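The values are calculated or read from the model by the stated rules, or taken from the named source; none is laboratory data. Bear in mind that the values here come from a model prediction, so they are computed numbers and not experimental data. We place every Cβ from the backbone using ideal geometry, glycine too, and count neighbours over all the protein chains shown. Accessible surface areas use protein heavy atoms only, side chains included; no ligands, DNA or RNA. Shrake-Rupley method; radii C 1.70, N 1.55, O 1.52, S 1.80 Å.
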Amino acid sequence: MTAVPGILQEIQDTVEAYARIMAKVAQVEVEVVDDRLFRIAGTGIYAGHVNEDMSSEGYVYRHVLRTGSMEIIHAPGKEEICRGCPKQNVCREEIEISMPIRLGEKSIGVIGLIGSSREQKERILSDESMYLELLWQIADFISAKAAEATELRRRKALLETLDRVISHVEKGILIFGKEDRVASANEAARKELSMELSEETRIEVSPTGDSINHQNEYRLWIDGREYLVMGHLYDLDRDPERYSRVLIFESSRAVQERYYEITNTVPPEGAFDMIGSSPQTRHLQEEIRKVAKSTSTVLITGESGTGKEIVASAIWKASDRRDGRFVAINCGAIPEPLLESELFGYVKGAFTGADPNGRMGKFELANKGVIFLDEIGDMPLYLQVKLLRVLQERKIIRIGSNQVIPIDVRIIAATNKDLREMIEKKQFREDLYYRLNVIPLKIAPLRERREDIRDLVLYFAGRYAGRFGKKLSSVTEDALECMCRYPWYGNVRELENSVEFMVNMMEEDGILDRRTLPDHLLKTSGGAPARAEEARPGEGICRLKELEEREIEKALKLFGDDTEGKKQAAKALGISLATLYRKLG
């Protein structure tokens, strides 16, 4: 055990009491000094000199502190050990016994038993062993008291250190005492719960039974208010009357924020504002402005690649929920068995093969914000029933849980399919359709709003040039004319992919011209009419299904029929890989 300097000063009252008892029993003078040679206690002629510095005269005491050995001086001032002492040859003491007070391996002080008269000296010498035993016992008592005080000081320092650490921990920490009253709470706990917590605050804690993201969920009741938090609750076995349990937690909102940052599918660079000057785009922008402030459900329709997610994020950014989250999920890109868990989440042990720690669903993640359900027409019928219930009741239940979670989410859905036709074929629920189609927004295909092509080309060219570290000088009028004549069956997505290709092919002069155009675009746009209405009367019209099949076949020939080739073909066609497989099947 390491001694703490000045520990005898801390227990001075006890040391003085022992010194008085010893002086009375032995009928001699007693003084005690600490390891700094300060007099801690004294009787008789020394009583009036307590707390004085003895470093200039405590010659024998210094020696005892250094050696840790007892010393008996039968002739103070005249023995060899007294050489160099200021009181050598003039010392008034007749006899002195100095006993070290030890704490572990260190001497923390000295007890001096002093006979200042011939009578006292003879009394000590008559039963020297008894006096030595008494002195040793008193030294041992003081040592034990010093050890106790040292341990209390260590615990106090440890608690102060823990308090400082706990106060800087980002997670909330609540230490409960008797009857679930708060014994201690750090600043993070007060911030998470948005309230002051005193020792009189009583908190009811009960587990919801759900376990998500390595943490258990708990419901807290404080002054009639309910809080949901994620964390761990530990029972404290020792001193349960004072400290019974400790809860280390963070609010469910904080967990959602962190999970959202990890899983967010809408990067800032992908959420650009709607670009275009065509009448259709300007009309759509005006519609977005009108419906943004509402909480009603929106259904966006349009061909694949027209930018339905951009429209959805534009509604979100123009709404009162802009500070909330925008959570997007593609219902056609996720296998049916996993879609339900992605939407509603699941708890620990919900089903075989699931993450053993559970997971939050997209609806819960989007609480107070917006959820975008893309390709809603690909949602299976059994999930359509659950989605309808969510729209009606505004509540969800995680898979494997019994807990009902209220949510405040604005739903924006999108599809490139004819839902009315799907209703007739019993592939889509009519009641869900009417719930979704409260505010319908239709996006025209790019070939019907060719005025937007120039704006989009310039925007994407600048964006990809910056991303690739290239300097863009200009886009030639010839290249722009070719791109304006191209039919863009893949819409904006196909246009973006083509511009990305062109920027990659761009020479050091920074000019995008006919040389940088993709071959298929150059060939097709060379013979295509600039406007659909300019086609010659009687000209044969190709069925869209045949045209689609021909373009898919062309893309597969260009990129290959293996998995990687299909990925590139899907990207060039402006559709998802799942959609390509579905069309091939």
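Could you work out the relative contact order of the chain, using alpha carbon pairs under 8 angstrom and six or more residues apart, expressed as a whole percent? Intermediate results must be reported in sequence, preceding the final value.
Details: 994 pairs, mean separation 51.1, N = 585.
Reported relative contact order: 9 percent.
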Completion exercise
Note: the chain, point scatterers on Cα, Debye, no solvent; log10 I/I(0) at q = 0.08, 0.09 Å⁻¹ equals -0.73, -0.83
Fill in the blank from the handout: Calculated from DSSP helices alone, with each H run of at least 4 adding -39500 (n - 2.57) and the total divided by the residues of the chain, [θ]222 nm to the nearest 500 comes to -13000 deg cm²/dmol
Problem - Karplus 3J(HN,Hα) series, Hz, for the range 127-134 with 6.51 cos²θ - 1.76 cosθ + 1.60 (x for Gly, Pro) - result: 8, 4, 5, 5, 5, 5, 4, 4
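How much area per residue is accessible in the chain when the probe is 1.4 Å and only protein heavy atoms are counted (Å²)?
Working: 30460 Å² over 585 residues.
Accessible area per residue: 52 Å².
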Practice task
Provide the per-residue ³J(HN,Hα) series for the range 464-472, in order, calculated from phi with Karplus coefficients 6.51, -1.76, 1.60 and θ = phi - 60°, each as a whole number of Hz, with x at glycine and proline positions.
Solution key: 6, 4, x, 5, 8, x, 10, 9, 8
Fill in the blank from the handout: SASA check, His283, accessible area w/ 1.4 Å probe, all protein chains in place, rounded to nearest 10 Å², comes out at 110
Completion exercise
Contact order relative to length for the range 342-473, counting C-alpha pairs under 8 Å separated by 6 or more residues, stands in percent at 22
Exercise for the section: Please work out the Cα convex hull volume for the range 173-238 and give it in Å³ per residue. Expected result: 99
Handout entry: Folded to 0 to 90 degrees: helix 252-263 orientation relative to the chain principal axis, Cα
Key = 50
Problem - Folded to 0 to 90 degrees: helix 12-26 orientation relative to the chain principal axis, Cα - result: 20
Fill in the blank from the handout: Percent of all alpha-carbon pairs of the range 70-162 at distances over 22 Å, whole number, is 44
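Compute, for the range 272-418, the length of the dipole vector about the Cα centre, with Cβ point charges of +1 (Lys, Arg) and -1 (Asp, Glu) only. Units Debye, rounded to 20. Spell out each step's value before the answer.
Working: 20 positive and 18 negative charges, 118 e Å.
With Lys and Arg at +1 and Asp and Glu at -1, about 560 debye.
How big, on average over all directions, is the shadow cast by the Cα convex hull of the range 103-220, in nm²? Each step should come with its number before you reach the end.
Working: hull surface 55.2 nm².
Reported value for the Cα convex hull: 13.8 nm².
Using only the alpha carbons of the range 22-181, what is the convex hull's orientation-averaged projected area in square nanometres? Spell out each step's value before the answer.
On the way: hull surface 55.5 nm².
The orientation-averaged projected area of the Cα hull of the range 22-181 comes to 13.9 nm².
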Exercise for the section: First check a/c for the range 319-418, with a ≥ b ≥ c the square roots of the eigenvalues of its C-alpha gyration tensor; if it is under 1.5, answer rounded, and if not, answer prolate when a/b is larger than b/c or oblate otherwise. Expected result: oblate
Practice task
Take Tyr131, Tyr243 and sort them by solvent-accessible surface of the protein heavy atoms, 1.4 Å probe, largest at the top.
Solution key: Tyr243, Tyr131
Fill in the blank from the handout: One point scatterer per Cα, no solvent, Debye formula: log10 I(q)/I(0) for the range 30-105 at q = 0.23 Å⁻¹ comes out as -1.21
Fill in the blank from the handout: Among Ala17, Leu37, Val64, the residue whose Cα sits farthest towards the positive end of the charge dipole of the range 10-68, when +1 is placed on the Cβ of each Lys and Arg and -1 on the Cβ of each Asp and Glu, is Val64
Completion exercise
Expected field for Trp221, accessible surface area in Å² at 1.4 Å probe radius, rounded to 10, holds 100
Practice task
Compute the acute angle (0 to 90°) between the alpha-carbon long axis of helix 279-291 and the principal axis of greatest extent of the alpha-carbon atoms of the chain; round to the nearest 10°.
Solution key: 40
Problem - Overall Cα dimensions of the range 363-461 - principal axes, largest extent first, Å - result: 54, 34, 22
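I want the antiparallel fraction of DSSP beta bridges within the chain, as a percent rounded to 5.
75
Using the structure shown, select from Lys470/Lys554; Lys523/Lys557; Lys106/Lys145; Lys290/Lys442; Lys308/Lys417; Lys293/Lys368 the pairs with a Cα to Cα distance greater than 20 angstrom.
Values: Lys470/Lys554 31 Å; Lys523/Lys557 16 Å; Lys106/Lys145 15 Å; Lys290/Lys442 15 Å; Lys308/Lys417 13 Å; Lys293/Lys368 14 Å.
Lys470/Lys554, as the Cα separations exceed 20 Å there.
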